[in-house]
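Some notes on the structure that comes next.
The values are calculated or read from the model by the stated rules, or taken from the named source; none is laboratory data. Since we're looking at a predicted model, the values are computed, not measured. Ideal geometry is used to build each Cβ from the backbone, glycine not excepted, and the neighbour counts take in all protein chains shown.
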Amino acid sequence: MALSKIKFHAIYILFVFAGCRSDISQTITPDVTEERIDGSITDLENQYNDLGTIKIDGRMTTDMPAPKQDGNAKIADSGRISNDSETSRDADIADLLEPITPSCALPNDPPVALAPDDDSAPLFARENLPVFEITITPENWQAFCANAVAMARTVHDSDFEPLYAEASLVVSGEAITAPIGLRAHGKSSLTSLYADGDDFERCLENRFRTKPNFKISFSKYSPGTRYRGLKKINLIGHEGNETLLKEYLFNTIAENLDLPAPRTNHAALCINGEYWGIYSNQEEIDDQPFLNHHFPDSSDGNYYKVESGGHLLYPSGLEEDFRANYKPVAGTPSNMPPLMDFLRFVNLSNDADFQREIESRIDLHDWLGITALETVLFDADGAYNRGSNFTIYQDTFSKWRIIRFDQDLILLENTDAWDDETEGPRLFCYYWNRRGSRNNANGTAPMRSSEFTVWNINYSVLQARLLFGNYPNEYMEHITQVLDASELMDDYFNERIEFIGPWIGSETENLDPFELGRDVWILHVENLRAKFHAQLNMAEAQYETLLTTGVDSITCP
């Protein structure tokens, strides 16, 4: 019998998450670093029988982690379905999904449920709008606010600890049976929302100055728990402007250029039955699941999150000097020699050795591509010009990769082709808020001794050595790729206006206390579009000029 001729009155999909919750005596609990664990708790098999009905068998796996050579634990996802079967199955089930019935009033018709799957792809698909429904007790919301205030006071301390409060969660009709951890997300957003004297009371009463950002942990109170293979997820309500499109655009272009970037779409958020509006739904980057997805053939390497001001310098031969700016994540051992060896080469090798060996040590496409994307979109808080908001990953082929996140300050500065402060072309020379010493002509950092570099500098050393040394022409090729990929951005602007515009509550509906209405939101989007085009026009004009004048001798004074 053809599937299209069968009438389905209802489809109920129950996702059962394994993992035994340990006793919790306090709501405010510091985060605990977990061992690397890959895979999902639920193994869902969807099979069509001869009558065209669907059998959904949600059995719980009992696989135990197998030991790794480095002492970390990792298990395979025994429930993964092959790409071929997954594609055909999703195409069939998508036609059968029912609209969800959320507990809060929404400004638009409820979206359909996400396709039943172990994989996280439906959660980040651009055509989907997941609905996150968080329920949290008054006591735990008070703990959330106290945690946020405490984190805001210590966010820049080396002993900073993220603090969670317990809550429950439903995602597009899927109830997460284990309790989740909920905390405030970010650094600058912490200080802007939770650092003043009355911010605790404002938080308790939901009177935020801007929409707050949230981080959700699926394994905080039930170690080993995963939702669609994920440990954490981020809901960003404010990213430097009201459009919620900056990081979406950056990551979309990065994906089109085959650059590793966090998957990003948009989601609706409800808390305790109240609609809180549209959020940017972003993949967590400093977890093992990120590596599993983006580097499936090489996900077991050394991974470090670079703290602000980490310009890939070589400060000393002491590991503690590196730990202050390079944080091992995703179960990477705390020993720093692999990173120290790499940074010693980046900073101290002579030009001949650098040219001979660098392509065997890094993924050149990643580093030049990310730098080109930052410069074309004028990211004022990026890896190249500020040493901020990036991770570096040594894959199991021993090549170092770069991953960007938190691109909320793109399209911020003016679009002049010439930077008066640096006295150089913006596609090569730009920085925001000078932080330290100038790079040498070949991109290296000044030395404070015979072996150790100064700590503060204008440009990250690796990218500067590539651009000012042996790879300026290759870099210009990546500028071309970014400009070509950016030609599609008008389509993305229009698609987002059409897709999430109806979810921005009007002023009269007043469903989202942080939005000024759909018309005002569209005005912000069009202003961002205008900045985007102005920046592209500048980059294109300068690109043509540099092709004529040549780029082999460019330095940034």
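So which residues in region 196-216 are closer than 18 Å to LEU163 by Cα, touching a strand residue (DSSP E or B) at 6+ places or on another chain (Cβ under 8 Å) and either surrounded by 23 or more Cβ atoms within 10 Å (Cβ to Cβ) or of a type in the set (Asp, Glu) (or both), if there are any at all?
PRO212, PHE214, ILE216
Of everything in region 538-557, what is free of Cβ contacts under 8 Å to residues at least 40 places away in the same chain and either in a helix (DSSP H, G or I) or buried (at least 18 other Cβ atoms within 10 Å of the Cβ) (or both)? Give them in sequence order.
Result: GLU544, THR548, THR549.
So that you can scan it fast, the table gives a plain yes or no per residue for (1) under 27 Å from the mean Cα position of the chain (by Cα); (2) of a type in the set (A, V, I, L, M); (3) at pLDDT below 90; (4) more than 15 Å from ILE370 (Cα to Cα):
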{"residue": "ARG434", "(1), (2), (3), (4)": "yes, no, yes, yes"}
{"residue": "ASN440", "(1), (2), (3), (4)": "no, no, yes, yes"}
{"residue": "PRO446", "(1), (2), (3), (4)": "no, no, yes, yes"}
{"residue": "ASN458", "(1), (2), (3), (4)": "yes, no, yes, yes"}
{"residue": "TYR471", "(1), (2), (3), (4)": "no, no, no, no"}
{"residue": "TYR475", "(1), (2), (3), (4)": "yes, no, no, no"}
{"residue": "VAL482", "(1), (2), (3), (4)": "yes, yes, no, no"}
{"residue": "ALA485", "(1), (2), (3), (4)": "yes, yes, no, no"}
{"residue": "ASN494", "(1), (2), (3), (4)": "yes, no, no, yes"}
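For region 106-136, how many residues are in contact with a strand residue (DSSP E or B) (Cβ under 8 Å, 6 or more places away or on another chain) and among the acidic types (Asp, Glu)?
Residues meeting the conditions: 4.
Just checking, which of LEU193, LEU257, LEU244 is at pLDDT 95 or above and either under 26 Å from THR391 (Cα atoms) or crowded, with 24+ Cβ neighbours inside 10 Å (or both)?
Being at pLDDT 95 or above and either under 26 Å from THR391 (Cα atoms) or crowded, with 24+ Cβ neighbours inside 10 Å (or both) holds for just one of LEU193, LEU257, LEU244, which is LEU257.
Somewhere in region 161-170, is a residue within 23 Å of PHE390 (Cβ to Cβ) and at pLDDT below 90?
Within region 161-170 (the criterion being within 23 Å of PHE390 (Cβ to Cβ) and at pLDDT below 90), the answer is yes, since at least one residue qualifies.
Considering each residue of region 496-530, count those that are among the small types (Gly, Ala, Ser), surrounded by 15 or more Cβ atoms within 10 Å (Cβ to Cβ) and at pLDDT 90 or above, and give that number.
Count: 1.
Determine whether LEU409 is among the hydrophobic types (A, V, I, L, M, F, W, C), within 25 Å of GLN535 (Cβ to Cβ) and crowded, with 24+ Cβ neighbours inside 10 Å.
no
State all residues of region 190-231 that are closer than 12 Å to GLU284 by Cβ, hydrophobic (A, V, I, L, M, F, W, C) and either in contact with a Lys or Arg (Cβ under 6 Å, 6 or more places away or on another chain) or assigned to a loop (DSSP other than H, G, I, E, B) (or both); if no residue qualifies, say none.
PHE218
Kindly check whether there is at least one residue in region 332-342 that is more than 23 Å from the chain's Cα centre (by Cα), part of a helix (DSSP H, G or I) and farther than 26 Å from SER437 by Cβ.
yes
Can you report the number of residues in region 114-160 which are in contact with a Cys (Cβ under 8 Å, 6 or more places away or on another chain), at pLDDT 95 or above and among the aliphatic types (A, V, I, L, M)?
2
Among strands (runs of 3 or more DSSP E) lying entirely in region 256-330, which contain 2 or more residues that are within 25 Å of ASP119 (Cβ to Cβ) and not assigned by TED's automatic domain parsing to the domain that holds ASP406?
264-271, 274-283
Among the residues of region 165-181, is any surrounded by 19 or more Cβ atoms within 10 Å (Cβ to Cβ), within 30 Å of GLU98 (Cβ to Cβ) and polar (S, T, N, Q)?
yes
Looking at this structure, is SER349 small (Gly, Ala, Ser) and surrounded by fewer than 18 Cβ atoms within 10 Å (Cβ to Cβ)?
Spelling it out, SER349 is indeed small (Gly, Ala, Ser) and surrounded by fewer than 18 Cβ atoms within 10 Å (Cβ to Cβ).
State which residue pairs qualify: first residue touching a residue at least 12 places away in the same chain (Cβ under 8 Å) and inside region 187-212, second residue assigned to a helix (DSSP H, G or I) and surrounded by fewer than 18 Cβ atoms within 10 Å (Cβ to Cβ) in any location, beta carbons under 8 Å apart, and separation of 6 or more residues or different chains.
What qualifies is TYR194/PHE200; ALA195/ARG153; LEU204/GLN142; PHE208/ARG202; ARG209/SER192; ARG209/ARG202; THR210/SER192.
Output the number of residues of region 345-404 satisfying the condition of being under 17 Å from the mean Cα position of the chain (by Cα), of a type in the set (D, E, K, R) and at pLDDT 90 or above.
Residues that pass the stated criteria total 4.
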